[in-house]
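Down below is the structure, laid out as structure tokens.
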Amino acid sequence: MCNYRTQGRQVNRVYLKTFGCRTNIYDSQIMAQNLKDFVLVGSEEEADIVVVNSCTVTNSADSSARSYISGLQKKGKRVVLAGCGAISKGETLFKEEKVFGVFGHSEKGNINTLLKSETPFFAPGDLESLDETIVEDFSSRSKAFIKIQEGCDFNCSYCIIPSVRGRARSQEERKILDQIARLAGNGYGEFVLTGTNIGSYGKDTGSSIATLLKRISVIRGVRRIRLGSLEPVQIDDAFMELLEEPWLEKHLHIALQHTSEAMLIRMRRRNALQRDLALFEKIADKGFALGTDFIVGHPGESETIWQEALENFRLFPITHLHAFTYSRREGTHAAMMKESVNGRVAKARMKLLETIVSENNFAFRKGHARGLEVLVEERKGAYQVGYDQYYNRVFITSPLDLEKEWVTIPEAEARTEGNYATMAQ
């Protein structure tokens with residue numbers, strides 16, 4: 001392994017490669033903050049050690065991480081596996097000597113000690129702990145991610161996540177508020193609350209997601225709060241009362257997973273079609289953009305069930321979509337089901353849903369093109385790009401350097417790929 005010296009002592013260069021969700025983004029930041037005796041670099045080419053923070057939600061996610069690891073091996077890098085894949089696939093990859101080391105979620109805070117090891121290590125940890133590190137800076141991002149809870153108590157037929165993240169448990173409110181106060185003091189104004197199942201926050205501590213949101217909102221410097229995915233059954237009256245608050249992003253992601261009542265039962269979901277539709281319509285009437293998750297091709301999704309789901313789906317005011325084709329995961333209830341759906345059929349169904357939502361989104365953006373509050377995140381070619389309060393992308397032409405700045409767009413032009421606006425000097 002290549003070493004070099006800085007300020008008279010030997011160090012190793014570490015690159016953190018993150019796959020998957022917002023929770024993994026946050027977890028990588030925890031790892032970065034605990035790397036005391038290493039130099040964090042921006043690419044694998046510069047690194048001696050590559051820590052792969054992996055995702056295992058689908059077979060595709062597993063394959064992406066495995067392919068990436070194989071490429072690193074050919075380059076002679078020392079590879080360490082972390083994240084959800086460390087729990088589901090870590091032991092196999094370690095025994096096959098595909099990776100030098102493995103550590104689980106509970107060991108993120110020990111990354112500095114683990115990476116010092118000159119002998120291979122396997123440290124899966126446990127599925128009961130909560131993060132101790134308080135993240136104070138997201139140096140490469142304009143917004144801050146805050147993990148408020150870990151794990152999930154749901155038992156959906158298709159999902160492996162409870163097996164690799166554990167049961168639902170809430171972070172201490174004091175730690176969350178302290179972290180946000182520090183980040184707000186460092187100039188962050190937008191906060192994205194993330195976790196495995198954030199709507200369950202407080203169920204084990206006598207609190208709730210609505211209570212937490214109210215307490216975050218009064219912290220000086222907090223301008224906008226964005227939420228990760230919520231379950232329909234977790235949106236109660238207390239949460240609905242917050243929909244008029246100016247600090248809550250006018251976009252909610254509410255996970256349906258399907259729109260056939262029969263399939264919801266088969267998936268072991270806790271939501272029900274008619275209640276879901278009434279909820280979406282009520283929130284949309286308050287001017288919100290609405291996103292959802294949807295799994296196509298789950299075992300048992302016959303043509304009859306699909307046509308029912310499609311007809312129902314068209315009724316929902318959905319403007320953003322995160323759709324998957326079903327991925328079989330060992331250890332889940334659905335893995336034992338026999339009524340499989342052809343992969344090409346599933347992909348065609350998913351494409352149809354995406355087309356419907358794309359049309360919905362375009363119509364929504366045309367009707368919500370004025371008074372856009374945008375946090376500019378990056379520069380792409382001739383444009384500076386950010387997201388408005390409806391979680392729609394805005395491409396801005398301006399002679400000013402707007403990165404990490406909040407700007408108000410009086411009026412934007414809705415195009416297929418996003419909203420466009422010009423800001424004069």
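For the chain, just say rounded, prolate or oblate: build the C-alpha gyration tensor, square-root its eigenvalues into a ≥ b ≥ c, call rounded for a/c under 1.5, and beyond that prolate if a/b exceeds b/c, oblate if not. In terms of gyration-tensor shape, oblate.
Here region 134-249 carries DSSP beta bridges of which approximately 20% are antiparallel, counting only pairs with both residues inside.
Remark on Asn12: its backbone amide H falls under 5 Å from those of Val39, a criterion applied only to residues 5 or more positions apart or on other chains, H modelled at 1.01 Å from N. Backbone amide hydrogens, once placed in the peptide plane, bring Gln149 within less than 5 Å of Gln171, Thr196, excluding anything fewer than 5 places away on its chain. Applied to region 106-113, the Karplus parametrisation 6.51 cos²θ - 1.76 cosθ + 1.60 on θ = phi - 60° returns per-residue 3J(HN,Hα) values of 6, 9, 4, x, 9, 4, 4, 5 Hz, with x for Gly and Pro. Answer rounded, prolate or oblate for region 224-342, using the Cα gyration tensor with square roots of eigenvalues a ≥ b ≥ c: rounded when a/c is under 1.5, else prolate when a/b is larger than b/c, else oblate. Prolate shape, in that a/c is at least 1.5 and a/b is the bigger ratio.
In sequence order, region 331-343 has phi-based couplings of x, 9, 5, 5, 5, 8, 7, 9, 7, 6, 10, 4, x Hz under the Karplus curve 6.51 cos²θ - 1.76 cosθ + 1.60, θ = phi - 60°, and Gly or Pro positions carry x.
A Cβ-based charge dipole, computed about the Cα centre of the chain with Lys and Arg at +1 and Asp and Glu at -1, lands at about 780 debye.
Summing Lys and Arg as +1 and Asp and Glu as -1 over all other residues whose Cβ lies under 13 Å from the Cβ of Gly189 gives a net charge of +2.
Quick one: of the DSSP bridges fully inside the chain, what percent are antiparallel, nearest 5? Here the share of antiparallel DSSP bridges comes out near 35 percent. Each other residue within a Cβ distance under 15 Å of Ser70 adds +1 if Lys or Arg and -1 if Asp or Glu, for a net charge of +4. Taking 20 Å as the limit for the C-alpha separation, the pairs Lys17/Lys98; Lys250/Lys286; Lys74/Lys116; Lys286/Lys366; Lys143/Lys250; Lys147/Lys175 exceed it in the case of Lys74/Lys116.
Annotation: amide H of Leu321 within the under-5 Å range of Thr292, sequence separation 5 or more or interchain, hydrogens built in the peptide plane. Just round it to a whole percent: the fraction of Cα-Cα distances in region 134-259 exceeding 27 Å. So the pairs more than 27 Å apart make up 17 percent of the total in region 134-259.
Taken about its Cα centre, region 325-425 carries a charge dipole of about 700 debye when Lys and Arg each add +1 at the Cβ and Asp and Glu each add -1 at the Cβ. The string of couplings for region 248-262 from the Karplus curve (6.51, -1.76, 1.60, θ = phi - 60°) is 7, 4, 7, 8, 10, 9, 10, 6, 8, 6, 6, 10, 10, 4, 5 Hz, one whole number per residue in order, with x for Gly and Pro. Counting Lys and Arg as +1 and Asp and Glu as -1, what is the net charge of the other residues whose Cβ lies under 12 Å from the Cβ of Leu252? Around Leu252, the charge tally is +2.
Counted over region 45-186, the DSSP beta bridges are approximately 15% antiparallel.
Restricting the trypsin sites (Lys or Arg not before Pro) of region 133-170 to loop positions (DSSP other than H, G, I, E, B) with no more than 15 neighbouring Cβ atoms within 10 Å leaves Arg167.
Bear in mind that the values in this text are calculations on the coordinates, not laboratory data. Not measured: the values here are computed from a predicted model. As a convention, Cβ positions derive from the backbone with ideal geometry for all residues, glycine included, and neighbour counts pool all protein chains shown.
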